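Just so it is clear, none of the values below were taken in a lab; they were calculated from the coordinates. Note that the coordinates shown come from a computational prediction; the quantities given were computed from them, not determined experimentally. Reconstructed Cβ throughout: ideal geometry from the backbone, glycine too, with neighbour counts over all protein chains shown.
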Amino acid sequence: MLQAVKELLRARGIEEVAPLSLTDCRVVRPYLLERAGIADGTVFLFAVPYYTHACDDPEKNISAYCVSADYHRFFAALFDEVLPLLRSTFPDFRFAGFTDHSPIIEGEAAARAGLGFLGCNHLFLTKKYSSFVFLGEIVTDAKVYAEKKEIAYCPNCGACRAACPVSLATECCLSALSQQKKPLSENEQKILKAHNVAFGCDICQEACPVTIAAKKAGTLYTNIRFFIDSALPRLTVNCVEEMSDEEFAARAYSWRGRAVILRNLRLLEDSQ
Ligand code: SF4
Ligand code: SF4
């Protein structure tokens with residue numbers, strides 16, 4: 001079964017896949033497993049690379065995870081394709097797919113499965129793609145041999161902390177600030193302007209030596225067309241205002257609402 005899962009995912013640009021017994025995962029949303037009719041079995045964890053060459057645009061003003069269309073749509077389409085194929089190949093077993101809203105703690109399980117390691121920036125990283133991956137999992141009630149590994153951690157080099165523009169000033173993380181709905185103070189506005197942040201921040205991830213090495217080796221960049229074709233690294237007031245509701249809803253930042261993004265963009269454009 002592992003081979004079948006790997007082949008199905010590899011055909012869709014996903015190469016990092018590893019199994020872990022469900023009993024070795026920390027289950028935080030048991031109702032999701034109950035809904036899928038799965039009490040015990042195996043989790044196939046996988047890392048989806050999303051960093052595109054468009055993310056290197058010096059004018060980029062949003063976090064790389066928001067540059068392409070909403071990754072939840074990618075996962076929905078992936079599971080719609082892959083789960084029926086698995087069900088027809090293995091009719092005695094149940095299968096369910098998750099990302100983000102998952103029954104388990106994804107990063108910890110992925111590290112236990114040996115897919116990668118946990119970083120001091122609180123993110124999951126792989127050597128090939130650094131932290132620029134979305135984790136997903138296919139859960140089944142089939143029991144597949146899976147080795148539980150010791151959780152690996154990054155070397156704690158401190159480059160992410162050193163690069164963070166606000167850590168020393170005890171200010172709020174830029175990513176959280178850019179998503180804040182309540183009005184921004186004058187100082188908060190200044191910080192967003194100074195760092196050209198319209199939504200999210202990648203400074204600590206970009207400074208990580210794992211990212212720098214993956215970029216240099218060229219492995220960082222995704223081959224998945226969904227992310228490449230929909231990339232829009234620089235937002236402007238005009239382009240966000242011109243998006244139809246449907247177009248806006250297809251972007252990963254849409255959950256925060258148009259008003260927050262437009263407020264941030266007006267701040268950036270006022271300072272030009
Ligand atoms: S996302 Fe940006 S502001 Fe937040 S911790 Fe990382 S570098 Fe600092
Ligand atoms: S920059 Fe260094 S400390 Fe931070 S996540 Fe990367 S390897 Fe770990």
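Between residue 156 and residue 57, what FRET efficiency comes out of the Förster formula 1/(1 + (r/R0)^6) with R0 = 25 Å and r the beta carbon distance, rounded to 0.05?
Working: r = 31 Å, r/R0 = 1.22.
Efficiency for this residue pair is about 0.25.
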Report, by chain and number, residues whose modeled amide H sits under 5 Å from the one on residue 232, excluding near sequence neighbours (fewer than 5 apart, same chain).
-> 68
Table column - 3J(HN,Hα) (Hz), the range 109-123, Karplus curve with 6.51, -1.76, 1.60, x for Gly and Pro | 5, 5, 5, 5, 7, x, 6, x, 9, 9, x, 5, 8, 6, 10
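Only Lys, Arg, Asp and Glu count, each charged at its Cβ (+1, +1, -1, -1), so figure out the dipole size of the range 2-140 about its Cα centre, rounded to 20 debye.
Working: 13 positive and 17 negative charges, 36 e Å.
Value, rounded to 20: 180 debye.
For the chain, what's the relative contact order in percent, using C-alpha pairs closer than 8 Å and at least 6 residues apart? Intermediate results must be reported in sequence, preceding the final value.
On the way: 458 pairs, mean separation 74.7, N = 272.
Value for the chain: 27 percent.
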For the chain, find the longest principal axis of its Cα atoms and tell me its angle to the long axis of helix 258-270, 0 to 90°, nearest 10.
-> 40
Counting sequence-distant residues (5 or more places) and residues on other chains, those with an amide H built under 5 Å from that of residue 41 are 22, 23
Any chance you could run the full-extension gain for residue 217 through residue 269? It's 0.36 nm times the residue separation minus the Cα-Cα distance, nm to one decimal.
-> 15.2 nm
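Beta carbons within 10 angstrom, averaged per residue: use that to sort the peptides 59-71, 10-22, highest first.
Details: 59-71: 21.1, 10-22: 19.1.
In descending order of packing, they fall as 59-71, 10-22.
Ranking 98, 79, 90 by Cβ neighbours within 10 Å, fewest first, what do you get?
Working: 98 21, 79 18, 90 15.
By the 10 Å Cβ count, ascending: 90, 79, 98.
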Of 149/215; 6/60; 60/128, pairs whose Cα-Cα distance is over 25 Å = 149/215; 6/60
Non-local amide H neighbours of residue 251 (under 5 Å, H modeled in plane, Pro and chain starts lacking H): which ones?
-> 70
Taking the Cβ of each residue in 160, 239, 120 as the centre, tally the other Cβ atoms inside 10 Å and list the residues starting with the fewest.
-> 239, 120, 160
Phi-based couplings in Hz for the range 25-38 (Karplus 6.51, -1.76, 1.60; Gly and Pro marked x) = 9, 8, 8, 10, 10, x, 4, 5, 6, 4, 4, 7, x, 10
Under a point-charge model restricted to the Cβ atoms of Lys and Arg (+1) and Asp and Glu (-1), what is the dipole moment magnitude of the chain relative to its Cα centre, in debye to the nearest 20?
-> 420
For the chain, list the cysteines whose Cβ sits under 4.7 Å from no other cysteine Cβ?
-> 25, 55, 66, 120, 154, 157, 164, 172, 173, 201, 208, 239
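If we count every other residue with Cβ under 15 angstrom of residue 106's Cβ, Lys/Arg +1 and Asp/Glu -1, where does the sum land?
Here the charged neighbours net out to -2.
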Angle between the Cα long axis of helix 71-89 and the longest principal axis of the chain, 0 to 90 degrees, nearest 10?
-> 10
